[in-house]
Amino acid sequence: MQPHSMCAVALATYMWNRPEWLFLNNARTEIEYTISEGSQKIFRHLKYRLEVSAQKSDKKFTVYILRDGGGIACSITVWRDSSQEGSRVYQTHSQQHVAGLVEEYDLWKNKLVNGRHRNSLKYKKFAGEVLDSDRKKIRLISEIKHPDKDIYTPLSYAVELKNIVETE
C-alpha cells in the first residue's frame, strides 16, 4: 500500500471507529517503516498533511493528501457500505493513479482485515490493527512485490495521526 493511501485508512479508522462518527477539517500523519535494499536496512519517516474537503455523510468523505517536502498531491475518496461494524470500505485515487487503483478492506472496531488492491501490480493484500484507545495509531502490514523476484513480501508500517482539527 502506498503511504498516502495509509493516511486515508488511518483517517477512516479514526473517524468511523467510534460510537458516533465525527467531522474533521485537517490533520497530519506520520508514517515509519524500514525497508531492505540488499544487505542494508533503510528507515523511512514520512509526514503528510491531510485536508478533508468533503464529508457527505457518515459513509463518505474526500481527503486531499500532500507529502511534506513536496511531491504530487492526491485526493482520495473513501466510502463504506454501511455504518455497521465490519462493513466494507473502498478508496479511490483521483490524481496519482490513472489506472484506477482501488483499495478495499473490512473495518472493525480495532482492526481492518481482508484488504486488497484492485488494478495494482506492485501491491497485493493488506491488514492492520489499532494500537491505542484513541485510535490515532495503527499498524498496517502490506504485501509488496519484490523488485527482483515474482513474489510478494510483507512490510510493516506504523501510522500515526497528529494535530487533528475537528469540525465544530
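No lab work stands behind these numbers, since they all come straight from the coordinates. This is a predicted model, so every value here is computed, not measured. Backbone-built Cβ (ideal geometry, glycine too); neighbour counts: all protein chains shown.
The table for this structure:
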quantity	calculated
Ser87 vs. criteria surrounded by fewer than 18 Cβ atoms within 10 Å (Cβ to Cβ), of a type in the set (Gly, Ala, Ser) and touching an Asp or Glu at 6+ places or on another chain (Cβ under 6 Å)	yes
Options Arg80, Arg116, Arg67: the member that is surrounded by 12 or more Cβ atoms within 10 Å (Cβ to Cβ), of a type in the set (Lys, Arg) and within 19 Å of Tyr14 (Cα to Cα)	Arg80
Subset of the stretch 19-62 that is surrounded by fewer than 16 Cβ atoms within 10 Å (Cβ to Cβ) and polar (S, T, N, Q) - its residue that is farthest from Arg135 (Cα to Cα)	Ser39
Flag for Ile65 being closer than 19 Å to Ile141 by Cβ and in contact with a strand residue (DSSP E or B) (Cβ under 6 Å, 6 or more places away or on another chain)	no
Residues of the stretch 103-140 that turn out to be more than 22 Å from Leu161 (Cα to Cα) and part of a strand (DSSP E or B), as a count	7
Set Thr29, Thr34, Thr62: member being touching a Ser or Thr at 6+ places or on another chain (Cβ under 6 Å), in a strand (DSSP E or B) and of a type in the set (Val, Ile, Thr)	Thr62
Count - residues of the stretch 37-59 that are under 22 Å from Lys136 (Cα atoms), assigned to a loop (DSSP other than H, G, I, E, B) and of a type in the set (S, T, N, Q)	0
Every residue from the stretch 70-85 that is without any contact (Cβ under 8 Å) to a residue 60 or more places away in the chain and in contact with a strand residue (DSSP E or B) (Cβ under 8 Å, 6 or more places away or on another chain)	Ala73, Ser75, Thr77, Trp79, Asp81, Glu85
Hits in the stretch 40-68 - residues which are charged (D, E, K, R) and within 21 Å of Ser156 (Cα to Cα)	Lys41, Arg44, Lys47, Arg67
All positions within the stretch 150-168 that are acidic (Asp, Glu) and within 14 Å of Asp134 (Cβ to Cβ)	Glu160, Glu166
